[in-house]
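A.B. asks: Right, I'll just put the structure down here and ask away after.
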């Protein structure tokens, strides 16, 4: 009799847990045009962001939910736009594998089997990560095809600068890129961001307010050579002390705040042709990233977002 009661109790508990799981998974939080975002989607995004940015663990639950929501909305809008051009959002396995290993190299993931184990151990479906990387790949391709002819780079200026100086500065940077909507006031938005930087820190503020693709990683840009920077941005950075950040800088696509994390001087012993190509490539990516933000803000205006 005791054993029978135990079996019944276990079965009831199983049904209750199953019903809870199903209700959780089926709860629609947002509808973006005809695409939906569920509570489970947000939970998975939350787990993912905690993995790729340790700062995420220090954020309050309400803010973490908002950041995860915004991240998913941004991704879904890109997916909607991509589907207007291609029916199947798929990449060849070999290309996708290279993208995955490159994206997660800082996690010391050296094979696809390691990648899958890493995320499965953390209760995340690796296929969801594959989808994220695939969407970003096609989005970047879309932006390149649309704006490649708008990229303007003076190669001769780069050559002259490299020949002129035998040393150059490199800046370890983090960024916050933001826009000001019609309903917002510029000064109020800047004050809000500055208060957040003082109250928590730059990295968490980037997570909350930056619209750049670097937001999920706390705005980290890595080491950036002065030859890559525009004259306008270089002038702002050269007067900073380590730990300080710039005032908002107006750039195509929004307003940019840069924080100087570290600074170093490097000797410029290099193959001139290779260095020029490297700088041109990085400057091209910078300009395309700005066009990406401009285009995203443009298409977002036509997107219908309903919250349930």
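Where a number appears in this text, it was derived from the coordinates with a stated rule and is not lab data. All values derive from a computational prediction rather than experimental measurement. Don't worry about glycine lacking a Cβ; one is built from the backbone with ideal geometry, like all the others, and counts go over all protein chains shown.
A.B. asks: Given 0.36 nm per residue, what is the gain on full extension from residue 221 to residue 114 after removing their alpha carbon distance, in nm?
C.D. replies: Stretched fully, the residue 221-residue 114 segment lengthens by 36.0 nm.
A.B. asks: Remind me, relative contact order of the chain in percent, using alpha carbon pairs under 8 angstrom and six or more residues apart?
C.D. replies: This gives 22 percent for the chain.
A.B. asks: Then there is this: Between residue 83 and residue 213, what length comes free when the chain is fully extended (0.36 nm per residue of separation minus the Cα-Cα distance, one decimal in nm)?
C.D. replies: Answer, rounded to one decimal: 44.8 nm.
A.B. asks: How much FRET efficiency would the formula 1/(1 + (r/R0)^6) give for residue 151 and residue 231, where r is the Cβ-Cβ distance and R0 is 22 Å, rounded to 0.05?
C.D. replies: Taking R0 as 22 Å, the efficiency between residue 151 and residue 231 is 0.80.
A.B. asks: Here's another thing I want to ask about it. Sticking with the crude label model, points 7 Å out along Cα→Cβ, report the distance from residue 105 to residue 262 in nm, one decimal please.
C.D. replies: So the label points at residue 105 and residue 262 sit 1.7 nm apart.
A.B. asks: Going by Cα centres, region 160-179 and region 44-104 are how many Å apart?
C.D. replies: 28 Å
A.B. asks: Report the relative contact order of region 155-270, percent, no decimals, based on alpha-carbon pairs under 8 angstrom and at least 6 residues apart.
C.D. replies: After rounding, I find 41 percent.
A.B. asks: Select from 46, 72, 240 the residue whose mean-square fluctuation is largest in a Gaussian network model of the chain (Cα-Cα springs shorter than 10 Å).
C.D. replies: Highest fluctuation among the options: 240.
A.B. asks: I've got another one for you. For residue 34 and residue 238, calculate 0.36 nm times their separation in residues minus their Cα-Cα distance, and state this gained length in nm to one decimal.
C.D. replies: 68.7 nm
A.B. asks: Mind pulling the angle between the C-alpha long axis of helix 126-147 and the longest principal axis of the chain? Nearest 10 degrees, somewhere in 0 to 90.
C.D. replies: Helix 126-147 and the main axis of the chain meet at about 40 degrees.
A.B. asks: Give me the one-decimal nm value for the distance between modelled label points at residue 161 and residue 184, 7 Å along each residue's Cα-to-Cβ direction.
C.D. replies: For the pair residue 161/residue 184, the computed spacing is 2.9 nm.
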